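The structure under discussion appears below in the form of structure tokens.
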Amino acid sequence: MNEEPRFSESIRGLRIDFTLLGGFTVRSGIGEALILPTAKIRFLAAYLALSAGQYQARSKLCALFWEDRGADQARASLRNALAAIRAVLGDHMLIANREAVMLDPNFVFTDVSELEALVARSAATAGAETARRLSAEFLEGLTVSGEELSEWIEFERTRCRNLSETLLAKIAEQLAENGEEAAAVALAQQLVALDPYREKSHRLLMRLYARQGERSLAVAQFQKCRQLLADELGTEPSPQTVALAGELSFEGTPGREARSPDTASAPMQQETARAAEADFRISIAVLPFLGPTEDADQSFLAEGLAEDLITELSRHKDFLVIARQSSFALGSGPRLAEHAAQALDVRYVLTGNLRRRGDDLSLGVQLIDTATHRTVWAERYARKLEEIFAVQDEIVGIIITAVDAEVRSSERERALRKLPEAMDAWELFHRGLWHIYNFSMDEIEAAEECFRRATELQPHFALGHAGLAQAAVVRIVWQMSDNIPTTLKSGLAHARYAVALDGAHPYPHVMLGRLLTCQGELGLAHDHLRIATELNPSYAHAYYALAQVHIWSGQPAEALPYIDRAIRFSPRDPLISMFMTVRSVCLFLIGDIAGAEAAARAAIGRQARECWSRLGLAAALVEGGRTDEAMAAVAEAKALMPNLSIANLDNLIGRMASAPRQRIIEVLKRAGLE
């Protein structure tokens, strides 16, 4: 369930509310407490409530909740438990047949579904109290026996914790922007408690304490953050955290003496790109997805999924993936992740379990960063056995896309924690990406410095040159260059050199394709972007750039499937606001004005300080006859980019096909863009 169902007054009393975060309670729609008689029955009710509307095989429930009993005894116990649930919750709640049961989704509401719905929304819509309530641990304080049931509870606790961290961060940042510092402090404190290694939470607390005049608390928070990172991870706070400490003028802020660069990171002038390649890849192992089993079909399917994941991860040039012969020999499960990481010398471990109960399959997947002992991503998939081969490629694609995004985000965060002089070329590249995605003049200069140092350390490091090409793209798009032709020429030179160094990596092709689009060489741009999608079929930035090529070519309808694919492949991308803005432009140009407005507003909700989405909104509002609102949107865009004008916009879209270019310019003139 994704959101609270609507109930008519006549059937409101039939609704059942499950509280699963912070313990377990059940209430009727009119607030009456409902008591289920035993812990086992309460766990069964929680399991069914979390999957309301999905049939659960009786055989699966028997094995999950009564694994220590024989088949006949387990089925009898299940019948008794279901009878108790029906007696307490009402006959209308339980839908059952001889093989499977479920709770009626029309009458079930859980706080977990509420949490999922709030996180899925583009802007924070919940208050601090709601966020605080929903950050409690899943089934807190409840323990069970049985390996499989324990695994399920631990998995759901991890998943709900990740969701609540996302929600707390979203609302705390919104409260801070609205000037509600006290409420933001409380949420930021809770956020730090949930994930002590998230420096952004520490920085938020530091700013809020200082804003309240509590500089001693701000100092203490910085010291606590620094000590935690040193003790647990052996790293320094990121330069951004240290810079914030200096900005707030802390007395006695500890300085760090500059260290000499590691001699192992000195330039190696004779090294070729191929020899250097192994030093600049993300190391990952995929463990088997189940323990020993006598079910040959289940073993075959689990091994097949893991092998497909290994194959697809190996297609990514940035991943160094351990072969199945080595990783499969170590066993399965999250508990073995750190042992596997040490034995195989990898940083990340992808693991999980595949369970079969009759015709039902449940696949749980976790990505573990063994250096920080954190589960950075977890998800569960449920399918019918008869469907699995039809959707296996889809599931593998979803997992690969999520792993790719989460690992790259983790690498950027890790690079931030190291002193610049201690970083190698790979870390400098990821540090540069972090700076680039902040989209400001100071940050783009810092990004360029990182990319330059990476190319100095490793002259044949293609990604460093591609990073400089991306910096040129950002300068052109965000109007951060005094000389667009010179910036474009320099960016193209770096992009072409990156492709020459490593034509098998999709990133250089994407950067070259985007710069060629800016230059108006749309056919050649399309060729490079097509190569990028062939090299990595789930690379969101390649599809984003392909959508731009089609818009520039005057083909907005053809662009729409590409941008939709980019959003689906990377819904948490640093460029997600731009993805949605391009979607807004597509819809505007094909005449779907309501859709264009919705996409532009979604883009603004994802990145409040991005100006292009406001121009997309203004265009839709003008076409909808709301010129005053459109002029207000243009004013907001100019506040974010003071030099914004029709002339500067034309510097960006001047090579676009005449019809869409003229339509965009005409409608923005009507919206007040000078």
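Which residue, of ALA81, ALA96, ALA126, is surrounded by fewer than 19 Cβ atoms within 10 Å (Cβ to Cβ) and farther than 16 Å from THR25 by Cα?
Numbers: ALA81 fails: surrounded by fewer than 19 Cβ atoms within 10 Å (Cβ to Cβ); ALA126 fails: surrounded by fewer than 19 Cβ atoms within 10 Å (Cβ to Cβ).
Of ALA81, ALA96, ALA126, the one residue that is surrounded by fewer than 19 Cβ atoms within 10 Å (Cβ to Cβ) and farther than 16 Å from THR25 by Cα is ALA96.
Restricting attention to region 209-265, which residues are under 24 Å from ARG347 (Cβ atoms), among the polar types (S, T, N, Q) and at pLDDT below 75?
GLN240, THR263, SER265
Before we move on, is ALA500 surrounded by fewer than 24 Cβ atoms within 10 Å (Cβ to Cβ) and either over 19 Å from ILE436 (Cβ atoms) or of a type in the set (Phe, Trp, Tyr) (or both)?
When the stated conditions are applied, ALA500 passes them.
With the condition kept exactly as written, say whether any residue in region 563-574 is at pLDDT below 90, hydroxyl-bearing (Ser, Thr, Tyr) and not assigned by TED's automatic domain parsing to the domain that holds ALA657.
Looking through region 563-574, none of the residues is at pLDDT below 90, hydroxyl-bearing (Ser, Thr, Tyr) and not assigned by TED's automatic domain parsing to the domain that holds ALA657.
Among the listed residues GLY246, GLY179, identify the single one that is on the phi > 0 side of the Ramachandran plot and surrounded by fewer than 22 Cβ atoms within 10 Å (Cβ to Cβ).
Numbers: GLY246 fails: on the phi > 0 side of the Ramachandran plot.
Just one listed residue meets the conditions, GLY179.
Is there a residue being over 17 Å from the mean Cα position of the chain (by Cα) and assigned to a helix (DSSP H, G or I) anywhere in region 162-169? Before the answer, list the steps.
Taking region 162-169 as the starting set, the residues that turn out to be over 17 Å from the mean Cα position of the chain (by Cα) are none.
No.
Going by the conditions given, is ARG614 among the charged types (D, E, K, R) and surrounded by fewer than 21 Cβ atoms within 10 Å (Cβ to Cβ)?
Judged against the criteria, ARG614 is not a match.
Scan region 571-596 for residues that are over 17 Å from ILE665 (Cα atoms) and in a helix (DSSP H, G or I) and jot them down.
ILE576, SER577, MET578, PHE579, MET580, ARG583, ALA594, GLY595
Can you tell me which condition ILE436 does not meet? The list is (1) within 30 Å of ILE310 (Cβ to Cβ); (2) modelled with pLDDT under 90; (3) of a type in the set (A, V, I, L, M), and all the others hold.
(1)
Which pairs have Cβ atoms under 7 Å, sit 6 or more apart or on different chains, and link a residue in region 362-388 that is over 17 Å from THR401 (Cα atoms) and basic (Lys, Arg) to one that is modelled with pLDDT under 80 and assigned to a strand (DSSP E or B)?
Filtered contacts from region 362-388: ARG383/LEU361; LYS384/ASP360.
In a helix (DSSP H, G or I) and more than 19 Å from ILE398 (Cα to Cα) - does that describe any residue in region 561-569?
For region 561-569, residues in a helix (DSSP H, G or I) and more than 19 Å from ILE398 (Cα to Cα): absent.
Answer yes or no: is there a residue in region 109-116 that is under 21 Å from PRO37 (Cα atoms) and in contact with a strand residue (DSSP E or B) (Cβ under 7 Å, 6 or more places away or on another chain). Reasoning before the result, please.
Going through region 109-116, the residues under 21 Å from PRO37 (Cα atoms) turn out to be 109-110.
Then keep just the ones that are in contact with a strand residue (DSSP E or B) (Cβ under 7 Å, 6 or more places away or on another chain); that gives 109-110.
Yes.
Name the residue that is surrounded by the fewest Cβ atoms within 10 Å (Cβ to Cβ), counting only residues in region 561-610 that are β-branched (Val, Ile, Thr) and farther than 28 Å from TRP377 by Cβ.
Top of the filtered list is ILE590.
Among strands (runs of 3 or more DSSP E) lying entirely in region 66-117, which contain 2 or more residues that are within 41 Å of the chain's Cα centre (by Cα) and within 24 Å of LEU21 (Cα to Cα)? Steps first, answer last, please.
Details: elements: 94-96, 100-103, 108-110.
Where strands (runs of 3 or more DSSP E) fall fully within region 66-117 and carry at least 2 residues being within 41 Å of the chain's Cα centre (by Cα) and within 24 Å of LEU21 (Cα to Cα), they are 100-103, 108-110.
Tell me, yes or no, whether region 103-114 has at least one residue that is touching a helix residue (DSSP H, G or I) at 6+ places or on another chain (Cβ under 7 Å), surrounded by 17 or more Cβ atoms within 10 Å (Cβ to Cβ) and within 23 Å of ALA378 (Cα to Cα).
First pass over region 103-114, keeping only residues touching a helix residue (DSSP H, G or I) at 6+ places or on another chain (Cβ under 7 Å): 103-104, 107-108, 110, 112.
From what's left, surrounded by 17 or more Cβ atoms within 10 Å (Cβ to Cβ): 103, 107-108, 110, 112.
In the following step, the residues that additionally are within 23 Å of ALA378 (Cα to Cα) were identified as 110, 112.
Taking every residue of region 103-114 in turn, at least one turns out to be touching a helix residue (DSSP H, G or I) at 6+ places or on another chain (Cβ under 7 Å), surrounded by 17 or more Cβ atoms within 10 Å (Cβ to Cβ) and within 23 Å of ALA378 (Cα to Cα).
Could you look through region 598-632, keep only residues that are of a type in the set (S, T, N, Q) and assigned to a helix (DSSP H, G or I), and pick out the one that is nearest to VAL667 (Cα to Cα)?
Of everything passing the filter in region 598-632, THR627 is nearest to VAL667 (Cα to Cα).
The values are calculated or read from the model by the stated rules, or taken from the named source; none is laboratory data. Quantities reported herein were computed from a predicted structural model and do not represent experimental measurements. Because the Cβ atoms are built from the backbone with ideal geometry, glycine has one as well, and the counts that use them run over all protein chains shown.
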